[in-house]
1. Is it true that A:Asp82 is free of Cβ contacts under 8 Å to residues at least 12 places away in the same chain, within 11 Å of another protein chain (Cβ to nearest Cβ) and not in a helix (DSSP H, G or I)?
2. Residue under question is A:Leu146, and the condition is that it be in contact with a helix residue (DSSP H, G or I) (Cβ under 9 Å, 6 or more places away or on another chain), closer than 16 Å to B:Phe13 by Cα, more than 11 Å from every other protein chain (Cβ to nearest Cβ) and assigned to a helix (DSSP H, G or I); does it hold?
3. Name the pairs whose Cβ atoms lie under 8 Å apart, with the first residue in the stretch A:154-167 and within 15 Å of A:Arg198 (Cβ to Cβ), the second among the acidic types (Asp, Glu) and assigned to a helix (DSSP H, G or I), and 6 or more positions between them or separate chains?
4. Would a scan of the stretch A:176-195 turn up a residue that is touching a residue at least 60 places away in the same chain (Cβ under 8 Å) and in a loop (DSSP other than H, G, I, E, B)?
5. Which of the residues that make up the stretch A:168-194 are away from the ligand (no atom under 13 Å from the Cβ) and surrounded by fewer than 15 Cβ atoms within 10 Å (Cβ to Cβ)?
6. Please tell me if B:Val73 is away from the ligand (no atom under 14 Å from the Cβ), more than 7 Å from chain A (Cβ to nearest Cβ) and touching a residue at least 12 places away in the same chain (Cβ under 8 Å).
7. Is there a residue in the stretch B:14-37 that is surrounded by fewer than 21 Cβ atoms within 10 Å (Cβ to Cβ), among the small types (Gly, Ala, Ser) and modelled with pLDDT under 90?
Amino acid sequence: MSERTERTNEAWLAALRGETPDQPEALEDLRSRLQRGIFYYLSRERSDLAGLSNHDVTQMAQDMAQDALMRVIENLESFRGDSLFTTWAMRVAVRVAISDLRRARYRDFSLDALTAESEPAWLSLNPVAGDKLPLPERAAEQREVLTRLQESIHEALTDRQYQALVAVAVNNVPMEVVAERMGTNRNALYKLVHDARRKLRAHLESQGMSMDYMMRLFEDR
Amino acid sequence: MDEQLHKLIACIFDQHADNNPIDCETCSIHFHRLAELVAAGASVNELLPEVQQHLDCCLECNEEFQALLSIIVAENSGLVASE
Ligand SMILES: [Zn+2]
């Protein structure tokens, strides 16, 4: 779109609502603008997509822009005029694009795979990642603390809090993916994880275990 | 140290979010306005410190905000190809 045809916020809204005769052009201008923005993001800012062909990325950006356009139109009334309309629309598009990428990445994982299966990996009483073996006394202390940590998790947290904490905080699965699998939404999950970590911290601190102490105990040296 | 164990300990004791009432939805409502201001040189922390706090402890919101910001900056500097 050239400078000349750049619309004001009011002109965008009027056109997209069909109050002016240029609705088809406005829809196409916006769709193409969102597509260019998404394409830029996918091709320049996402190293994880570097293996895709230009054709594939273009196709992906096209699909995402189409979805984003629909989302923008559905939510037109929530735009409050506190930025350029196109920036607000791009925010909607970014959300659509990133959500798609997150969902695609975890499409084949069940909730169990995102939580329970990973348990042995981080609570396998084998805290030493490198090849240096700790002194026997230190190893014993590490084992004891890990056992207490494991017990605390089971004593202090509900099953849902446990699932949420492991999936989100340990396995770094995006909250919107976990929320979907757990039948909740991202905001509620954020709060669930938040409460879980607070409860766990209080539980551990009541037993005299501070972060400094634990980090020092397990640090490689 | 095992990386996952490290993450778990860091997460449990992370006090970032403790006194911060902002959730993801409330945070992202500001993104379009912030992206324009930050693209023009402002700092999130000075404009809305509670949003900065949330971004510091929420990977997802941070990813979304940085993505939007990168596009707006690119658009402003003519890096996003026009047809
Ligand atoms: Zn967030």
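The values are calculated or read from the model by the stated rules, or taken from the named source; none is laboratory data. On a predicted model such as this, the values are computed, not experimentally measured, just so you know. Cβ atoms come from the backbone with ideal geometry, glycine included; neighbour counts cover every protein chain shown.
1. yes
2. When the stated conditions are applied, A:Leu146 does not pass them.
3. Final answer for the pair search is A:Gln161/A:Asp195.
4. Scanning the stretch A:176-195, I find at least one residue that is touching a residue at least 60 places away in the same chain (Cβ under 8 Å) and in a loop (DSSP other than H, G, I, E, B), so the answer is yes.
5. The answer is A:Asn172, A:Gly183.
6. So B:Val73 passes the test.
7. Yes, the stretch B:14-37 contains at least one residue that is surrounded by fewer than 21 Cβ atoms within 10 Å (Cβ to Cβ), among the small types (Gly, Ala, Ser) and modelled with pLDDT under 90.
Quick grid of which residues meet (1) among the hydrophobic types (A, V, I, L, M, F, W, C); (2) more than 18 Å from B:Ile72 (Cα to Cα):
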position	(1), (2)
A:Arg17	no, yes
A:Asp22	no, yes
A:Phe39	yes, no
A:Gly51	no, yes
A:Ala68	yes, no
A:Ile73	yes, yes
